[in-house]
Amino acid sequence: MELLGNVLAMVAVAVIVAFTAYIMLKLSNEKELKKIVLERKKEQVPVIMPIRLQAYERIALFLERIRPESLLLRESPAGEIVAQYHGQLLTAIRNEFEHNLSQQVYISSALWEATCLARQETVKIINLAFGQLNQDAPATQLSSKILEMAASLKQEPSDVALSLLHQEVMELY
């Protein structure tokens, strides 16, 4: 009986030692893995940082280019009617957006969502202005109506996304 008690005690001690060794090895491996990941991230910073900054620049440019006043200056009506000009403005926004789609890989999902929302809100302003006019009216009426509606907003759609973009860039430094 005493022999059985001694064997059980030795088995219990062996299990405790084995469990402790397992935990120590696991913690050591996790620490080593974290160290390797950190080293790899440090190695990647010189390569990725310029690409990320370029993505932020391109998103900032996109947000500036879809501002109603900027868009209307670039896409000036040349004797068109409202319906034609409306299509021209929406095409310009769509083309700008598609040109910058790949930048979402390098920026945060929150900034990308804010960028998409800015685009949607700008399109909404253009569509609302378009809906209030006769489609055969001169295109200059549409540009005036868009500017009027944009001026009535507390904050332009691009401003929210640009603010978030500035915050993210400041966090990099």
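Only helices reaching 30 angstrom along their own axis (Cα) with mean Kyte-Doolittle hydropathy no lower than -0.5 count here, and for the DSSP H runs of the chain these are 2-65, 109-131.
Just checking the listed ones, S158, S28, S76: in the Gaussian network model of the chain with Cα springs under 10 Å, the one fluctuating most is S28. Here K124 is the anchor, and the lysines within straight C-alpha reach of less than 28 Å, apart from those fewer than 8 places off in the same chain, are K145, K154.
What is the local net charge at A161, summed over the other residues whose Cβ is closer than 12 Å to its Cβ (Lys, Arg +1; Asp, Glu -1)?
Working: positive: R67, R119; negative: E64, E113, E121, E156, D159, E168.
Around A161, the surrounding residues sum to -4.
Note on the chain: with a GNM built from Cα contacts shorter than 10 Å, the maximum mean-square fluctuation among Y56, Y85, Y22 falls on Y22. Can you grab the distance from the C-alpha centre of segment 10-34 to the C-alpha centre of segment 113-134, Å, no decimals? Segment 10-34 and segment 113-134 have Cα centres spaced 61 Å from each other.
In this simple spin-label model, placing a label point 7 Å from the Cα along the Cα-to-Cβ direction at both E75 and E148 gives a separation of 2.0 nm. Considering only Y56, L27, L117, and ranking their Cα positions along the charge dipole of the chain that arises from unit charges at the beta-carbon of Lys, Arg, Asp and Glu, the one farthest toward the positive end is L27.
Available extension along the chain between Q120 and S163 is 13.8 nm, counting 0.36 nm per residue and deducting the alpha carbon span. The stretch between R58 and A21 holds 8.1 nm of extra length on full extension. This uses 0.36 nm per residue minus the Cα-Cα distance.
Simple point charges give the picture: +1 on the Cβ of Lys and Arg, -1 on the Cβ of Asp and Glu, and for the chain a dipole about the Cα centre of about 420 debye. Here's the list of lysines a cross-link from K35 could span, going by alpha-carbon distance under 17 Å and ignoring same-chain residues fewer than 8 apart: K26.
Which net charge results for the neighbourhood of A83, defined as the other residues with beta-carbon distances under 15 angstrom from its beta-carbon, given Lys and Arg at +1 and Asp and Glu at -1? Please report the intermediate quantities before stating the final value.
Working: positive: K145; negative: E75, E80, D136.
Once all neighbours under 15 Å are counted, the net charge is -2.
Charges were assigned to the Cβ only: +1 to each Lys and Arg, -1 to each Asp and Glu. The resulting dipole of segment 47-92 about its Cα centre is roughly 200 debye. Counting only the Cα atoms, segment 45-173 fills a convex hull of 93 Å³ per residue. For Q104 and E30, the FRET efficiency from 1/(1 + (r/R0)^6), where r spans their Cβ atoms and R0 equals 45 Å, is about 0.90.
Computed from the coordinates by the stated procedures, all read-outs in this text should not be read as laboratory data. Model, not experiment: these values are computed from the prediction. Neighbour counts run over all protein chains shown; Cβ positions are idealised from the backbone, glycine included.
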